Amino acid sequence: MMETTALVTGHNGQLEHETQRESALTSTAKMNNFLRGVEHRAFVIARLATQDNEESLDIVQDAMFKLVQKYSAHPETEWGALFHAILHSRINDWHRRQKVRNRWRVFFFLSDNEDDEAYKPEEHVAQTQFPEPEEQALQAEMSEIMLAAIGVLPLRQQQALLLRAWEGYDIAETAKIMKCSEGSVKTHYSRAIHSLRGKLGGYNGNDN
Amino acid sequence: MGMITENMLLESVKRGLDYSAGNLDSQTQAHLTRIRLQALERNNRSSMFFHIPSFSHGFAAAAVVTLLVTLWVLPNAKDSSPTQAAPAVSMLMDSGQKAAPMTLDQDAMDVLMSSEDMDFLENMDIYEWLVAEYG
């Protein structure tokens, strides 16, 4: 009798284990799909903020690790906002560290010629791989100009613009992700639009 | 060329960013794929560590409980006081027989713990008679 009970318990345990494994695999597959869908955009966001490919990859990696480790169990619908909250938090951390580093540089009078040169965002944007067709070339040119303009926006304006205009979050969600008030989001966003309009006033891709 | 409206501007922003995200160089794409797989792999490894089959948990718990009960009950049984063992002693011993209570208690425990001495207990009447007769 006891042996039968043990066998039944063991079998149930095995079934439970297999169910757990299947659900873990499904969860992993879902997370993989989610990350695959956001990784390119996340990289572009990080590169706009850091203007550095390696730093951007590190930031995206940190964001992915944290999302997978801490928030896998959260509902799938929350992953997007959580991922962007982590990503933007990492970008803010990076900027803070950069500020401290720059202060030390100034303190020790270390002049870095590369840093003294005016930053030219158009030199840092991704190169198009197949620019043959005319339309594609035009799109590439427009993209470069747009990235250059967004890249020089102050960080918070950049974040508000990307989250609202590109990622499609509403004001409340953007405020949560950026960890600021809704009023601040509106201000940053409006300034970003104003600034972009000023920069791109003489350029309209649709006219060409 | 007219003034850019907000909608046109946002549309241009979206198109420009989409284009950039969709045309990353192959090296960057490979990097991103690698870090994504690393993140998932790391999570799988840590979750494998914590997801030991539940029946194993059951067996482990049962084994620990058995061990604890054994360790707790046996010494108590062996170290039980002579007064508690007195009735058993009186049953086993004739009135003339005086043995150390601790020794008898130990013997009773040994008898109870070993299966081969059950015959002895079944024939207790004969032994009692023998003791009374030849004491």
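Throughout, read-outs are computed from the coordinates displayed, never taken from laboratory work. Predicted, not measured: the structure shown is a model, and the values here were computed from it. Every residue, glycine among them, receives a Cβ derived from its backbone with ideal geometry; neighbour counts consider all protein chains shown.
Here are some notes:
- Gain on full stretching of the segment that runs from residue A:32 to residue A:73 - 0.36 nm per residue minus C-alpha separation: 13.4 nm
- Members of A:99/A:179; A:99/B:14; A:70/A:176; A:66/A:176; A:30/A:70 lying beyond 23 Å, as alpha-carbon distances in this model show: A:99/B:14
- Taking the Cα atoms of the stretch B:7-50, the ratio Rg/Rh between the radius of gyration and the Kirkwood radius comes to 1.31.
- Neighbourhood net charge (13 Å Cβ-Cβ; Lys/Arg +1, Asp/Glu -1) for residue A:70: 0
- Ranked by how many other beta carbons lie within 10 Å on average, peptides A:50-56, B:65-71 from highest: A:50-56, B:65-71
- Residue mean of other protein chain beta carbons inside 10 Å, A:171-177: 0
- Counting Cβ atoms of other protein chains within 10 Å of each Cβ in A:148-157 and taking the mean gives 1.
- Residue exposure proxy: B:12, A:181, ordered by other Cβ atoms within 10 angstrom of their Cβ from fewest to most, comes out as A:181, B:12.
- Inter-chain Cβ neighbour average for residues B:22-32, partner chain, 10 Å: 6
- Exposure proxy ranking, count of Cβ atoms within 10 Å, fewest first, for A:142, B:124: B:124, A:142
- Sorting A:162, B:130 by the number of Cβ atoms found within 10 Å of their own Cβ, with the fewest placed first, yields B:130, A:162.
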